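Written below as structure tokens is the structure these notes are about.
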Amino acid sequence: MKLNCDMGESFGSWVMGMDEQVMPFVDMANIACGFHASDPLTMDRTVKLALVSGVSIGAHPGYPDLLGFGRRDLQCSADELRALIVYQIAALDGICRVNGACIDYVKPHGALYNRMIADPATMAVVMQAVLDYAPRCPLVIMATPDAERFRAQAATLGLTLWFEAFSDRAYDDQGRLLSRSVPGAVHHSCEAIEQQVTQMINDGSVTSINGVRVPIQADTLCIHGDNPLALQVVQRLQFLRPGR
């Protein structure tokens, strides 16, 4: 299972995450594209860091919400949502090109990521936006018990999906991420994180906040770059990367 991490989420002189330290320990860098976080220089620096470490680069578009870090659900028309996704992917793509790199996949951020799992219309717009600009790029979405319906939807469009599980987030009984407003939504110990990851690998499941076993199958595992434990977690999870 590949390790991915949200990166490039600093903005100007405000620093978020430990990108330089974490980058060598992951396989995929989800680089913010300027709407929920980041700026052109931060994006450029993060692309360069990924290249040095041989890490795959993914576009990480979100709602235009710098103040809320993209974690507030915004109302957008289908045309607006498609345009803002294409805009962000294209921005990172331009920076990749001048550095001799390319975008390998797309993973939406925050509230947009959660909304597209809950709302079929939003999922359809996101899928189409990726197809319109980067048709060869897989779309990363949340691994849930009903993953097959998303796989079927993508197959009709000719789009590849990669399913993602989360190391440092708690789940609800439906196999979706627990809202950050709920106590316990984020794991704050390496032991809890490693236990959840081990269960995902060995049993293909996660235990919800209420103790319900929920089956999930994932291609990649996310470590949030803004979690203070990010560096410790990626170091402890190197057993997931035997080929590197």
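The values are calculated or read from the model by the stated rules, or taken from the named source; none is laboratory data. These numbers were taken from a predicted model, which means no experiment stands behind them. Positions of Cβ are generated from backbone atoms using ideal geometry, with glycine treated the same way; all protein chains shown enter the neighbour counts. Ligands, DNA and RNA are excluded from the accessible area calculation, which covers all protein heavy atoms including side chains. Shrake-Rupley method; radii C 1.70, N 1.55, O 1.52, S 1.80 Å.
Structure notes:
- Condition met for GLN232 (open to solvent by 70 Å² or more (accessible area, probe 1.4 Å), in contact with a helix residue (DSSP H, G or I) (Cβ under 7 Å, 6 or more places away or on another chain), in a helix (DSSP H, G or I) and at negative phi): yes
- The listed residues are ALA50, ALA29, ALA78, ALA90, and the only one of them that is in contact with a helix residue (DSSP H, G or I) (Cβ under 9 Å, 6 or more places away or on another chain) and closer than 20 Å to ALA111 by Cβ turns out to be ALA78.
- Matching residues in segment 119-164 - criterion: being among the small types (Gly, Ala, Ser) and either touching a residue at least 40 places away in the same chain (Cβ under 8 Å) or open to solvent by 20 Å² or more (accessible area, probe 1.4 Å) (or both): ALA121, ALA124, ALA129, ALA134, ALA143, ALA147, ALA152, ALA155, GLY158
- GLY175, sole failed condition from (1) open to solvent by 70 Å² or more (accessible area, probe 1.4 Å); (2) in contact with a strand residue (DSSP E or B) (Cβ under 8 Å, 6 or more places away or on another chain); (3) more than 27 Å from GLN88 (Cα to Cα): (1)
- The combined condition, being closer than 30 Å to PRO24 by Cβ, at pLDDT 95 or above and either loosely packed, with under 13 Cβ neighbours inside 10 Å or within 17 Å of the chain's Cα centre (by Cα) (or both), is fulfilled by ASP219.
- The residues of segment 42-86 that are β-branched (Val, Ile, Thr) and outside any strand (DSSP E or B), listed by number, are THR42, THR46, VAL47, VAL52, VAL55, ILE85, VAL86.
- Flag for CYS102 being closer than 21 Å to CYS5 by Cα, in contact with a strand residue (DSSP E or B) (Cβ under 9 Å, 6 or more places away or on another chain) and surrounded by fewer than 17 Cβ atoms within 10 Å (Cβ to Cβ): yes
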